[in-house]
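The values are calculated or read from the model by the stated rules, or taken from the named source; none is laboratory data. These numbers were taken from a predicted model, which means no experiment stands behind them. Every residue, glycine among them, receives a Cβ derived from its backbone with ideal geometry; neighbour counts consider all protein chains shown. Ligands, DNA and RNA are stripped out before the accessible areas are found, and what is left, the full protein with its side chains, is counted by its heavy atoms. Shrake-Rupley method; radii C 1.70, N 1.55, O 1.52, S 1.80 Å.
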Amino acid sequence: MPAKDYKNTSVINNRALIEGHVREILRLVGEDIDREGLLETPARVTRMYEEIFAGYEADYKDILGVTFDEKHEELVIIKDIVYYSQCEHHMAPFFGKIHIGYVPSGKIAGLSKFARLVDAVTRKLQVQERITSDLANILEEELTPHGCMVVVEGEHLCMCSRGVKKTGSQTVTSAVRGTFRTNAALRSEFLSLLKH
Ligand SMILES: Nc1nc2c(ncn2[C@@H]2O[C@H](COP(=O)(O)OP(=O)(O)OP(=O)(O)O)[C@@H](O)[C@H]2O)c(=O)[nH]1
Ligand SMILES: [Zn+2]
């Protein structure tokens, strides 16, 4: 099966196969797969996968396809966008908030589109660093702003519920593009507005 054949590899087209594999994992970890509480679990897990892996079918160009001509060439911030993603090392959830800042160059996007973009990038197996740079790269490519900055805060369950077991530790990642790279005052303005 070709790796990028999304039609064939989407959850929605493989429900029965995925359910079968979940059932097999339950059996292999020592569960009684015929007990009442587990009968519907493979189907529920598969439905959950449809949601949490929806990003594999998202189209960034489509999400940012509608823009508006506007002469506001000053900082725009969309902050506190909540995300839930899955760590690609353990398939355990990580989650937190994403803050996006950009300086448009004559073209702005609808505010909801930034939240849709966050969902598209996070609803798949990821690492926090790649979420951060993917978002910055997509914004730069699709909106061609003077610059953009993305800050991602995350708490990783693979560090809380298992392994090193450090509940509450936060990972913060950032990416800057364009004028944010050279303009320290702009970076400071963005970061200080995040605190309000
Ligand atoms: N850089 C980065 N690391 C991550 C992310 N999510 C999980 N990890 C780390 O991925 C690493 C995988 O390390 P391994 O040594 O291969 O796996 P492991 O034996 O399960 O590691 P421990 O978690 O230390 O028990 C761990 O250090 C995780 O904390 C992420 O988004 N970014
Ligand atoms: Zn992990």
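For this structure, a couple of remarks:
- Approximating the spin labels as points 7 Å out from Cα along Cα→Cβ, the VAL164-to-HIS21 distance works out to 2.9 nm.
- Of all accessible heavy-atom area on the stretch 62-193, the percent that carbon and sulfur account for (1.4 Å): 51
- Rounded FRET efficiency, nearest 0.05, which uses the C-beta distance separating ILE33 from GLU74 and R0 of 41 Å: 0.10
- Our summary gives the chain a relative contact order of 18 percent, counting only alpha carbon pairs under 8 angstrom and 6 or more residues apart.
- Taking every C-alpha pair closer than 8 Å and separated by at least 6 residues, the mean separation divided by the residue count of the stretch 6-52 gives a relative contact order of 44 percent.
- Percent carbon-and-sulfur accessible area, the stretch 6-52, ignoring ligands, DNA and RNA, probe 1.4 Å: 54
- Length-normalised contact order for the stretch 1-99 - Cα pairs under 8 Å, 6+ apart - percent: 20
- Mean accessible surface per residue for the stretch 79-165, computed with a 1.4 Å probe while every protein chain stays in place, in Å²: 40
- Across the cross-link table entries LYS61/LYS107; LYS71/LYS97; LYS165/LYS195; LYS79/LYS113; LYS124/LYS195, which are compared at the Cα atoms, the separations over 24 Å belong to LYS71/LYS97; LYS165/LYS195; LYS124/LYS195.
- Structure remark: mean-square fluctuation, Gaussian network model of the chain, C-alpha springs under 10 Å; the largest value among ASP119, ASP134, ASP62 belongs to ASP62.
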